[in-house]
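Take a look at the structure set out below.
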Amino acid sequence: MLSPYRVLDLTNERGMLCGQILADLGADVLKVEPPGGSLARRVPPFFGDQPDPERSLFWWAYNRNKRSITLDLESDRGRELFHQLVSRADFLIESEDPGILARRALGYPDLSALNTGLIYVSITPFGQTGPKAHYAASDITLVASSGVLHQTGDEDRAPIRLSLPQSFLHASADAAVGALIALHERLRSRRGQHVDVSAQQSTSIATQSGILAAAIGSPGWQRLAGGIKLGPLEVRSVWKVRDGYVALTVLFGQGLGPFTARLMKYLFEEGACTVEMRDRDWIGYGELLLSGREPVASFEELNRVIAGFLATRSKHELLRASVERNLLIAPIATCDEVSASPQLAARDYWSEVEHPELRRTFRYPGPFARFSASAISYRRRPPLVGEHNHDIYVEDLHVPADELSQLQRERIV
Amino acid sequence: MESRPALQDLKICDLMWVIAGPAATRMLADYGATVVRIESPTRMDTARTAGPYHGNKPEAESSAVWNNYNAGKLGITLDLSIPKARDVVLDLVRWADVVTDSFVPGAMQSWRLDYESLREVKPDLIMLSTCLMGQTGPLASFAGYGNLAAAITGFYSLCGWPDRPPAGPFGAYTDYISPRFIAVAILAALEYKRRTGRGQYIDLSQAESALHFLAPALLDWSANERVWGQVGNHDAEHAPHGVYPTADDDRWVAIACRDDHQWHRLCALMARPDLVGDNRFRSSDDRQRNRAELDALISDWTRQRNRHEIEEVLQAQGIPASAVQDSEDCIRDRQLLHRGHFVELSHTTLRKTTVESSRLHLSRTQARVDRAAPTLGEHSHYVLETVLGYDEERISELAMAGALG
């Protein structure tokens, strides 16, 4: 879909997903790495637990379908070559702290002067400007600043983050949308622009609008492991079952009440609740609770009945019931279980990507969407450091082969 | 500054509901796309029944979830069980560049509004369907919300304390990931059509797109047969790394030292220069090993102080730190205010509402967030008359037939 377009991907470990989304969509994405390779190649975990720039699984996860060249942007000749690349590129993506590239004369104003059509995408913790733009940042501090951390975790302990860093993934995925909005506009104006993405803002989507509570006179969410507190009610979402845990939301009202009604019918048929409990008005029940006409003890009793039933069932049978009866139950799966999912297998989701130098294939998450006319394909495994130097410098930029060798000796390439 | 919005020419007939789909078309509406949201007059969008609510009152027009993800769209109510309503949808399909839906697979077929049926009306149609698990496979009909997809795709198993049941991320987590993939897929399909003239059908599974946010853990299983579990706020690379208590009840601060220098500066701030030479905390590995003692020492210091004060003092020394901000903190956050993150809009029934602005800043064609989300059926007449060019007689016929609810 994006095969006519070239992307220069300068991102460090913070921004690599953005270029990968464009690469999956067919763009020619060049990862521009410093000689010796990107520092993101040092991020664990590693294949065989051997720290090596060609074995970082984190690197692999976000560089599929890209090509790699190395270039020392600190050197004059390096910048000269880079300018040649910029003059024929459509996108540049970077994730340095604000001002870092500008100091090397590689900021948006510098490069748009070379190529007015360039779409320059910056992914940073807090955006390019503002009182916190130069704050030191780490995933956990960004999740804290976004309002998400406050809502997450067990109520009697510290708030908790997802242990696989998410904030820059949110930002990088947003950045890909921004890049394509700018591309759409460029078709009309023939001009590029600067897309400036803040991980703090991008992560805030995971508050599910909770960030707005104080602005609209609402108390907002209190954390409750996997659930929510609604006034006096503690609405759980994680439940123990015979062989692990499931997620299940028991709520009321027009939207979710019908699911609870079907759940109670299921419990009744399995001999786990009374006919009176089955036949309650589960749509109106929530309002009765919140207005105090129904005691909180009644909700607690409901939770006890459901918990008692679930404890006797397996994840598998509860998922089956959930599909057959249109309930809101899903097993809490670990990554090995996800990998073995019959649903993902039936859809042929996983891509076995060959790494010939390691003489084996690895199972990658498959295309993020299925396009009927222009399917996403995994054309290239993540590139080795500088794997495509010859293709780009000699064949594309017509640097003589002996000059390339010289540049390599000087560690410019 | 460009006066014309970036996506001014883009028209979307939007049959998506709840969170993931509407959050995607909201991104496009921010940049000028005309999005006509079709709502059922009888089955209320679950987003309207989700808090937080204005003034804490649960009403159909007062939900922040609804108002936040539908700002800038036009709203029409159509009862799809009535044949005349289907004709209106077909006219909107003819008008639109893109049709989207997020129903359980099969629902669009039951109204004869599936891709094959709509292609008869518009051969070069771009249509995107998104649902929890995808249009095919044994779990295709598994209907539900993003919390279930987050459970079944592994997110819950990576969020929790080692000695407790999984805590899980807050809410419908995969609903916050997939909007970007939906928006990107639409824009890429438009580009493909521009060059080839071909439309297409896009099947976007919320679970399958969200798994890209877990890719390193999934590769670790494939490569090393390692299963990631619950590790609290522990980080594989850095220590100290965590969320620490502060002087106020249930108020916290997040701190992460990414190298030895930052740790040494933290020791100086805590007036504990002795810790720099302490063998328990000398290297990052030492600090990892003696994490419990390390966290206790830091907590003793943070507990005496305010969360914002700690953030400022540590940031002045270049140490990553942030108050764990709740909504009150966020709406006063100087950086979010600088970025214009909160936008006040006038609203038909609430008088005014506050929504989030675009998360993106484009230098030349900025987002315009200037119209509140539609109240139920707010633009029905406008859409029929102005977008579709129906005359009054035809509009009253539709109303008489109950097509508009």
Using beta carbons and a limit of 6 Å, which pairs, at least six apart or on different chains, have the first residue in the stretch B:332-359 and more than 8 Å from chain A (Cβ to nearest Cβ) and the second one crowded, with 18+ Cβ neighbours inside 10 Å and acidic (D, E)?
B:T349/B:E61; B:S358/B:D30
Is the stretch B:268-286 home to any residue that is buried (at least 20 other Cβ atoms within 10 Å of the Cβ), of a type in the set (A, V, I, L, M) and touching a His at 6+ places or on another chain (Cβ under 7 Å)?
no
When the residues of the stretch B:191-200 are narrowed to those that are more than 7 Å from chain A (Cβ to nearest Cβ) and touching a residue at least 40 places away in the same chain (Cβ under 8 Å), which ends up farthest from A:E155 (Cα to Cα)?
B:G197
Identify the single condition in (1) under 27 Å from the mean Cα position of the chain (by Cα); (2) surrounded by 15 or more Cβ atoms within 10 Å (Cβ to Cβ); (3) of a type outside the set (G, A, S) that A:R379 does not satisfy, given that it satisfies every other one.
(2)
Residue that is nearest to the other protein chains (Cβ to nearest Cβ), among those in the stretch A:24-73 that are within 29 Å of B:A189 (Cα to Cα) and among the small types (G, A, S)
A:A61
Among the residues of the stretch B:27-42, write down those that are within 20 Å of B:D175 (Cα to Cα) and among the small types (G, A, S).
B:A29
Restricting attention to the stretch B:376-389, does a residue exist that is more than 9 Å from every other protein chain (Cβ to nearest Cβ), exposed (fewer than 15 other Cβ atoms within 10 Å of the Cβ), farther than 24 Å from B:A47 by Cα and not acidic (D, E)?
yes
Go over the candidates B:A188, B:A172, B:A183 one by one and state the one that is hydrophobic (A, V, I, L, M, F, W, C) and without any contact (Cβ under 8 Å) to a residue 12 or more places away in the chain.
B:A188
Selection status of A:S163, free of Cβ contacts under 8 Å to residues at least 40 places away in the same chain and of a type in the set (S, T, Y)
yes
If a residue has to be touching a residue at least 24 places away in the same chain (Cβ under 8 Å), part of a loop (DSSP other than H, G, I, E, B) and more than 8 Å from chain A (Cβ to nearest Cβ) to count, how many in the stretch B:244-276 make the cut?
8
So for the stretch B:178-187 (the condition being outside any helix (DSSP H, G or I), at the interface with chain A (Cβ under 7 Å from one of its Cβ atoms), of a type outside the set (K, R) and out of contact with any Cys (no Cβ under 9 Å at 6 or more places or on another chain)), does at least one residue qualify?
no
Boolean, B:G154 is in a loop (DSSP other than H, G, I, E, B), within 21 Å of A:A346 (Cβ to Cβ) and touching a helix residue (DSSP H, G or I) at 6+ places or on another chain (Cβ under 9 Å):
yes
Taking the stretch B:279-323 and the residues there that are touching an Asp or Glu at 6+ places or on another chain (Cβ under 8 Å) and of a type in the set (D, E, K, R), the one that is farthest from the other protein chains (Cβ to nearest Cβ) would be B:R280
Which one of the conditions (1) of a type outside the set (A, V, I, L, M, F, W, C); (2) assigned to a helix (DSSP H, G or I); (3) buried (at least 24 other Cβ atoms within 10 Å of the Cβ); (4) free of Cβ contacts under 8 Å to residues at least 40 places away in the same chain does A:Q201 fail to meet, given that it meets all the rest?
(4)
Pick out the one residue from A:L81, A:L92 that is part of a strand (DSSP E or B), buried (at least 17 other Cβ atoms within 10 Å of the Cβ) and away from chain B (no Cβ under 12 Å).
A:L92
For residues that are of a type outside the set (G, A, S) and more than 7 Å from every other protein chain (Cβ to nearest Cβ), tally how many sit in the stretch B:146-176.
4
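Read the figures in this text as sums done on the coordinates, not as results from a lab. Fair warning: this is a prediction, and the values are worked out from it, not measured in the lab. In this analysis, Cβ positions are derived from the backbone assuming ideal geometry, glycine residues included, and neighbour counts consider all displayed protein chains.
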